[in-house]
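Remarks on the structure that follows.
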Amino acid sequence: MTETLVLGGGCFWCTEAVYVKVLGVSDVESGYSNGQTVQPSYEQVCTGRTGHNEVVKLVYDPAQISTRELLEIFFVIHDPTTLNRQGHDVGTQYRSGIYFTTPEQAEVAKAMIAELNAAQAFGQPIVTEVQPLANYSAAEDYHQDFFERNPYQGYCLAVAAPKVTKFRQTFARLVRD
């Protein structure tokens, strides 16, 4: 039995590059969620007027990896304290978000955020939104597996590759080869 969890942590190329390497994750798809427009294009999402977030949809086996472990990775590979921004990527489409498909996922996410805030883990409050998944659509084909197909592209070298390295170093036990 698998579950689905959708995460927005900035550019979906970077987030996807990490989660395709995670043990227990059987499918990772870049897409758009939680906006108003039905089936938006990348160009529409980039305007910031559709309300969508760039996300990755994870299909995972909870017997191999827990929702909490997926979220531990999530909070290590992006900055959950910056509103509508990750590094040089600015706009509502880059907001930090956890979009759940089960009530249990919502409980885990909210509890984890409360724990991290109580511990002042980031020195600033977490601004990650936790909402039910809504209006999801897959991104265009050229966005899928972007890092894997373009490892030497400038953005991938500067932003995605360091996130993959950080994941591998921090979560060696969860790396799938």
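Rule-based calculations on the coordinates, nothing more; no lab input. Owing to the predicted nature of the structure, the values given are computational and were not obtained by experimental measurement. Backbone-built Cβ (ideal geometry, glycine too); neighbour counts: all protein chains shown.
The table below gives the values:
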read-out: Mean separation of Cα contacts under 8 Å (6+ apart) over length of the chain, as relative contact order %; value: 33 percent
read-out: R173/E140 FRET efficiency (R0 30 Å; Cβ-Cβ; nearest 0.05); value: 0.30
read-out: Under-5 Å amide H pairs with F100, H placed in peptide plane, nonlocal only; value: Q131, L133
read-out: Phi-based couplings in Hz for region 163-177 (Karplus 6.51, -1.76, 1.60; Gly and Pro marked x); value: 5, 5, 4, 4, 4, 4, 6, 7, 10, 3, 5, 9, 7, 9, 9
read-out: K163, K21 arranged by Cβ crowding within 10 Å, fewest neighbours leading; value: K21, K163
read-out: Top of Q131, Q64, Q86 by mean-square fluctuation, Gaussian network on the chain, Cα under 10 Å; value: Q64
read-out: Cα lying deepest toward the dipole's positive end in region 1-123, options F74, C11, V22, charges on Cβ; value: C11
read-out: Residues with amide H under 5 Å from that of G35, placed H, sequence gap 5 or more; value: N53
read-out: Farthest positive-ward along the chain dipole, Cα basis, beta-carbon charges - from V59, T92, Y136; value: T92
read-out: Residue with peak Gaussian network fluctuation, the chain [Cα springs, cutoff 10 Å], from G35, G123, G48; value: G123
read-out: Ranking of H52, H143 by count of other Cβ atoms within 10 Å, fewest first; value: H143, H52
read-out: Per-residue ³J(HN,Hα) for region 128-133, Karplus 6.51 cos²θ - 1.76 cosθ + 1.60, θ = phi - 60°, Hz, x for Gly and Pro; value: 4, 7, 10, 9, x, 4
read-out: Residue with peak Gaussian network fluctuation, the chain [Cα springs, cutoff 10 Å], from E69, E54, E16; value: E69
read-out: Test item: Cα-centred dipole of region 1-158, Lys/Arg +1 and Asp/Glu -1 on Cβ, debye; value: 380 debye
read-out: Coil-residue GluC sites (Glu not before Pro) of region 104-177, DSSP, other Cβ within 10 Å capped at 13; value: E140
